1. Which residues' amide hydrogens lie under 5 Å from the amide hydrogen of Ile362, considering only partners 5 or more residues apart or on another chain, with H built in the peptide plane?
2. Could you compute Rg(Cα) / (2.2 N^0.38 Å) for the stretch 39-100, with N its residue count?
3. Using the alpha carbons of the stretch 230-375, what is the convex hull volume per residue in cubic angstrom, as a whole number?
4. Sort all Cα-Cα distances of the stretch 299-384 into consecutive 10 angstrom bins from zero, then give the percent of pairs in each bin up to the one containing the longest distance.
5. Name the residues whose placed amide hydrogens come within less than 5 Å of the amide hydrogen of Gly68, ignoring near sequence neighbours (fewer than 5 apart) on the same chain.
6. What would the Debye equation give as log₁₀ I(q)/I(0) for the stretch 321-362 at q = 0.15, 0.19, 0.32 Å⁻¹, counting only Cα atoms as equal point scatterers?
7. Per residue, how big is the convex hull around the C-alpha atoms of the stretch 41-180? Give it to me in cubic angstrom, could you?
8. Which residues' amide hydrogens lie under 5 Å from the amide hydrogen of Arg113, considering only partners 5 or more residues apart or on another chain, with H built in the peptide plane?
Amino acid sequence: MKTTPMHYLTLLLGFSVTKYTWGFIRVDVNWLTDNYVQTINEQSKGRWKASRNAFDKFTDEQLLVLGGLKAYHPDPKFKPYTKRYDNINRTKIPPSFDARQHWPQCGSIGVVRDQRYCGASWDFAAAEVMSDRICVASQGMIEFTFSVEELIACCESCGNGCTSGYLYTPFEYWRIYGIPSGGDQYRSELLYNSTANELSKLTKGDLIDIIVTKEVPCTINVSKTTKEIIEKGNYKYNYLHQGCKPFTASNGVNPVCSPHCTLGYNKSLESDRRHGLAAYHVHPDVAQIQTEILTNGPVVAAIDLYKDYFAYKEGIYEHTSWELVGRHAVKIIGWGVENGVPYWLLMNSWGSEFGVEGVSKIQRGVNQCGIEYSVTGGVPNVME
């Protein structure tokens, strides 16, 4: 389904998705049944495949929160600067591209984050793109994970924390106030009495529970550059760079905006902040979007979130359902062609069980689910 120009204006000027002419559907039945998955696979006619996944553990209410992207900006009169490249030589744009392979020194591009029950996809996508772009702009010299927690808890213009928000305002906050570091803090497997050899096998992106004292467990995201094994009594734990404000809202409860970094972090909040220099909307044309990614790294995009997308497993997605849940933000990291069908390569923030290790594909060039109309990027400050 090709999105109309009115749809573009609806998003860009800041109207709620509830005002789309085809409605806002709230589904009050069990979403991911075997029968539902079978129906999707029949309707998609082999173009993409659905399967049951972690979302079958979510209630309908929890799923609906994930479609809480309200609009591009809270001000309906806001008109962003739209970046447009002149004289693009389309023959020099490669037929396929994957930012993870093009910038292997920037590990953040391939990290699959998990927002879990927190609906702030707009904050996740923005923070991920900021992290990717500061690495790309510095030629791999700066690896910095921008804090989603800061945006959810402290950025009032970004929306209502884990429930609803806006695509562009995280970039405004980045430019004006700066954002500290902060990785994930989603609990995985408790490791204690682990040997140094066992802990040394962990790689970047692994999520583990640790024992800091005999009474207090916590969770950290493994860094590929900083790894110290420290023994404390009978306990051993990985003391790693989890950042100033790691993500704590996986339960969907909005965190309090703290004026300090997490306990044990060795920098002050203000000294840890990094800023952006500019933010912009990218002209809604395939070659323009491709050129932007080739030049500066991944971009943020918004999609209409239909019920069937929760069940996506593999293939090139096009919605088979007209049941619109809301809107959702993703990161575009590349593109390609499969069985003659062009696609965008998307990095989601729904954990590695979704899609192919957290990655999905969606039709390119037909504005499938509105993906090409709201692409956004920014310029990091690499001199701080």
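Here, each number is a calculation from the coordinates, and none is a lab measurement. Bear in mind the structure is a predicted one, so any value in this text is a computation, not a measurement. Every residue, glycine as well, gets a Cβ built from its backbone with ideal geometry; the counts of neighbours run over all protein chains shown.
1. Excluding prolines and chain starts, which carry no amide H, the hits are Tyr317, Trp344, Leu346.
2. Normalised Rg, Cα atoms only: 1.88.
3. In the stretch 230-375, the Cα convex hull volume per residue is 187 Å³.
4. For the stretch 299-384, the pair-distance distribution reads 17, 51, 24, 6, 2.
5. Arg327
6. -0.43, -0.67, -1.04
7. Considering the Cα atoms of the stretch 41-180, their hull volume per residue is 191 Å³.
8. Gly351
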